[in-house]
Amino acid sequence: MGEEAYWQALLNDSEMASDDDQAADAFGAISGEMERCHPDDEAWQQAMEAMASGEIQTTQIVGYNRGGLLVEWNSLRGFAPASHLVCLSPFVDADARRAELAERVGSSMDLRIIEVDCEQSRLVFSERATISDEARESALLAELTSGQVRQGTVTNVCSFGAFIDLGGLEGLIHISEISWGRVNHPGDVLHSGQSLDVYIIGVNPDQKRVALSLKRLSPDPWATAEERYRVGQLIEGEVTNVVSFGAFVRVEDGLEGLIHVSELAEGTFLHPRNVVHEGDVVVAYVLNIDSHQRRMGLSLRRTSSSKVPPVSNHYREMSM
């Protein structure tokens with residue numbers, strides 16, 4: 001994205017303003033101003049040095065849009081995203097957020113430079129980066145409450161779950177909260193550096209612990225299983241695990257049924273693996289459903305005598 005397109009993307013929502021209404025003229029002049037940008041320009045060199053040093057810079061706020069604040073620093077224009085502003089509430093409506101941002105226009109603000117890209121005319125500032133790690137943790141803990149959805153970045157994946165950076169504070173997604181379906185190892189689903197939305201289950205300010213969930217961002221498939229499946233129905237699924245007492249079949253993501261060994265086939269056989277294997281796609285007869293206990297009983301041997309045709313094929317739809 002070129003410099004003109006970059007600034008236009010930030011400012012084209014016509015929600016910018018300043019105390020003396022001159023910000024609009026300043027925005028219009030940015031493109032021509034930025035075309036003269038060169039990596040050797042003294043102002044951009046100073047910007048790179050300031051980012052490397054981590055020193056706090058005093059800036060002037062000259063405008064805003066719903067995405068954040070337009071600031072002026074050392075003859076350059078930069079942007080402070082709303083997500084990097086400390087006292088801006090993330091839980092207000094659009095009108096209240098615009099009002100909060102508008103109040104800052106015309107004032108000064110201490111910020112740190114977190115991104116410099118002269119070729120793209122990108123100069124990005126952060127207020128959050130100016131506070132200490134301990135203060136950042138405390139501020140973030142005060143913001144977090146159960147039921148919120150926040151954006152984070154995976155920092156570490158281990159056998160029992162994954163740690164997520166929420167912007168200065170880490171939370172944990174336990175392996176049981178990654179998916180409604182079976183997860184053998186968190187690394188099969190998540191990887192370090194991955195950005196994602198997470199659901200906050202609980203916050204313990206005293207111990208600075210935040211419990212997170214991925215699966216709660218989507219409905220629990222068992223909650224409506226008895227509405228979508230019925231006894232006697234034929235359904236298709238994939239065999240996920242074969243054990244001595246039977247085989248588990250994934251009917252849809254997060255919902256598995258069990259074919260007991262007695263329901264696999266007529267006659268005698270040494271082990272369920274003599275009948276089915278992991279990865280097999282089978283058509284099974286629904287024997288029973290118990291959403292509360294999260295159990296579904298299935299049968300293979302009854303499919304041959306069943307006259308009930310398959311209905312909604314959730315497994316095939318999921319796999320496509």
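The values are calculated or read from the model by the stated rules, or taken from the named source; none is laboratory data. All figures in this text were calculated on a predicted structure; none of them were measured in a lab. Here the Cβ positions follow ideal geometry from the backbone for every residue, glycine too, while neighbour counts run over all protein chains shown.
Of the residues Leu258, Leu212, which single one is more than 30 Å from Leu140 (Cα to Cα) and at pLDDT 95 or above?
On the way: Leu212 fails: more than 30 Å from Leu140 (Cα to Cα).
Exactly one of Leu258, Leu212 is more than 30 Å from Leu140 (Cα to Cα) and at pLDDT 95 or above, namely Leu258.
Restricting attention to region 187-239, the residues being more than 16 Å from His174 (Cβ to Cβ), of a type in the set (Ser, Thr, Tyr) and touching a Phe, Trp or Tyr at 6+ places or on another chain (Cβ under 9 Å) number 1. Based on this model, can you work out whether His314 counts as more than 34 Å from the chain's Cα centre (by Cα), of a type outside the set (Lys, Arg) and at pLDDT below 95? So His314 fails the test.
One residue stands out among those in region 174-206 that are aliphatic (A, V, I, L, M) and in contact with a Lys or Arg (Cβ under 9 Å, 6 or more places away or on another chain): the one that is nearest to Thr240 (Cα to Cα), which is Ile178. In region 68-120, the qualifying residues are those that are modelled with pLDDT under 85 and among the polar types (S, T, N, Q), and the one that is surrounded by the most Cβ atoms within 10 Å (Cβ to Cβ) is Gln120.
With respect to Val276, determine if the residue is part of a strand (DSSP E or B) and without any contact (Cβ under 8 Å) to a residue 60 or more places away in the chain. The answer is no for Val276.
Could you list, in sequence order, all residues of region 114-135 that are in a loop (DSSP other than H, G, I, E, B) and under 15 Å from Ser83 (Cα atoms)?
Glu127, Ile131
Where strands (runs of 3 or more DSSP E) fall wholly inside region 136-194, the ranges with 2 or more residues that are surrounded by fewer than 13 Cβ atoms within 10 Å (Cβ to Cβ) are 149-158. Scan region 261-286 for residues that are out of contact with any helix residue (DSSP H, G or I) (no Cβ under 8 Å at 6 or more places or on another chain), among the β-branched types (Val, Ile, Thr) and within 10 Å of Ala247 (Cα to Cα) and jot them down. Correct list: Val275, Val276.
Each residue in region 50-79 was checked for being closer than 20 Å to Ile131 by Cα and charged (D, E, K, R), and 1 pass.
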